[in-house]
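See structure below.
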Amino acid sequence: MEKTVQLYEGKAKKVFATADENLCIVSYKDDATAFNGEKKGTILGKGVINNRLTNRLMSLLEQAGVPTHFVEELSDRETLVKKVSIVPLEVIIRNISAGSFAKRYGVEEGIVFSAPTIEFSYKNDDLGDPLINDYHALALKLATQDEIDTIKKYAFKVNDFLKAFMLEHDIELVDFKLEFGRLSDGTIVLADEISPDTCRLWDVHTHEKLDKDRFRRDMGGVEDAYNEVMRRLLGDTV
Ligand code: ADP
Ligand code: UDP
């Protein structure tokens, strides 16, 4: 399957059309942004790592019963996916306090929750992706109640699976962001990516950060951290 026209260029990926109107090709870049695009940089090799990791994790999730957009890895940076209309909600699951949760509620990072939490942000760059609840999402017609219920069910299933999988590789899954989309028949599937850009991942023993927080917080060792996640989860490096 070949790329035809570019449909979209985002902060981390480009999306291309193909001859099949139900399929598109995503191409992962090394560009990194944080704080709603205010901080910009490059993480060398990130595109390759995020492409491979996302595809592996989506294949495993598909086997575990979560439908995804993944079709086929085409190259180091490019993957064929089912074209979806993205539900404009960023779905965030947290197992441990960190990031905006810790800041918003004035607590330290690292509090292990007795049960995972879920929250939604309205995916809208102009508004800075504000926090939104189910009622507001329904009022704005961003999704139906059925879709929200399905998304929540899948999101917790993704968490159960990923948490256990990461732990087998000595990684703690602190929190992560998912995006879902609708196929042409309305079926909800997991889309976008699952990578150290979109998850907080800590070494289980040292709590060392192995994710984009190293870039956000100018901690150094960003490429090494992404490579370490790939080595642990896929037994591979770039
Ligand atoms: P952003 O838009 O936040 O800058 P990216 O750089 O990752 O993010 O761009 C990828 C875009 O492609 C995102 O807007 C994402 O919602 C969208 N997308 C992800 N998977 C699919 C898919 N299967 N079909 C259509 N669009 C998708
Ligand atoms: N996240 C993401 N994209 C976003 C916002 C958050 O992938 O636009 C991920 C982030 O990497 C983290 C989780 O979602 O794993 C929770 O992020 P948080 O709300 O703490 O926000 P942040 O601290 O990133 O501003």
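The values are calculated or read from the model by the stated rules, or taken from the named source; none is laboratory data. Bear in mind that the values here come from a model prediction, so they are computed numbers and not experimental data. A quick note on method: Cβ atoms are made from the backbone with ideal geometry, for glycine too, and the neighbour counts reach across all protein chains shown. Surface areas here come from the heavy atoms of the whole protein model, side chains and all, with no ligands, DNA or RNA. Shrake-Rupley method; radii C 1.70, N 1.55, O 1.52, S 1.80 Å.
Counting only residues that are open to solvent by less than 60 Å² (accessible area, probe 1.4 Å) and part of a strand (DSSP E or B), the stretch 117-154 holds 7 of them.
Here's the yes/no breakdown for (1) over 19 Å from residue 116 (Cα atoms); (2) within 16 Å of ligand 2 (Cβ to nearest atom):
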site: 128; (1), (2): yes, yes
site: 141; (1), (2): yes, no
site: 158; (1), (2): no, yes
site: 161; (1), (2): no, no
site: 194; (1), (2): no, yes
site: 231; (1), (2): yes, no
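Residues of the stretch 6-56 that are open to solvent by 90 Å² or more (accessible area, probe 1.4 Å), over 28 Å from residue 232 (Cα atoms), away from ligand 2 (no atom under 13 Å from the Cβ) and not small (Gly, Ala, Ser): 8, 9, 21. Restricted to the stretch 73-84, and to residues that are open to solvent by 60 Å² or more (accessible area, probe 1.4 Å) and touching a residue at least 24 places away in the same chain (Cβ under 8 Å), which residue is nearest to ligand 2 (Cβ to nearest atom)? Result: 77. Of the set (1) open to solvent by less than 20 Å² (accessible area, probe 1.4 Å); (2) in contact (Cβ under 8 Å) with a residue 60 or more places away in the chain; (3) under 20 Å from residue 115 (Cβ atoms), all apply to residue 179 but (3).
If the condition is being open to solvent by 30 Å² or more (accessible area, probe 1.4 Å) and either touching a Pro at 6+ places or on another chain (Cβ under 8 Å) or among the aliphatic types (A, V, I, L, M) (or both), then the stretch 61-72 contributes 64, 71. Condition check for residue 94 on (1) more than 10 Å from ligand 1 (Cβ to nearest atom); (2) open to solvent by 70 Å² or more (accessible area, probe 1.4 Å); (3) part of a strand (DSSP E or B): one failure, at (2).
Once the stretch 182-232 is narrowed to residues that are in contact (Cβ under 8 Å) with a residue 40 or more places away in the chain and of a type in the set (S, T, N, Q), the residue that is surrounded by the most Cβ atoms within 10 Å (Cβ to Cβ) is 195.
Against the criterion of being open to solvent by 40 Å² or more (accessible area, probe 1.4 Å) and touching a residue at least 40 places away in the same chain (Cβ under 8 Å), residue 163 qualifies. If the Cβ limit is 9 Å and pairs must be 6+ apart or interchain, which residue in the stretch 94-110 that is in contact (Cβ under 8 Å) with a residue 60 or more places away in the chain pairs with which residue that is within 16 Å of ligand 1 (Cβ to nearest atom) and of a type in the set (Lys, Arg)? The qualifying pairs are 99/216.
Checked against the criterion of being over 23 Å from residue 10 (Cβ atoms) and part of a helix (DSSP H, G or I), the candidates 113, 161 yield just one match: 161. Here residue 114 does not qualify as open to solvent by less than 60 Å² (accessible area, probe 1.4 Å) and among the small types (Gly, Ala, Ser).
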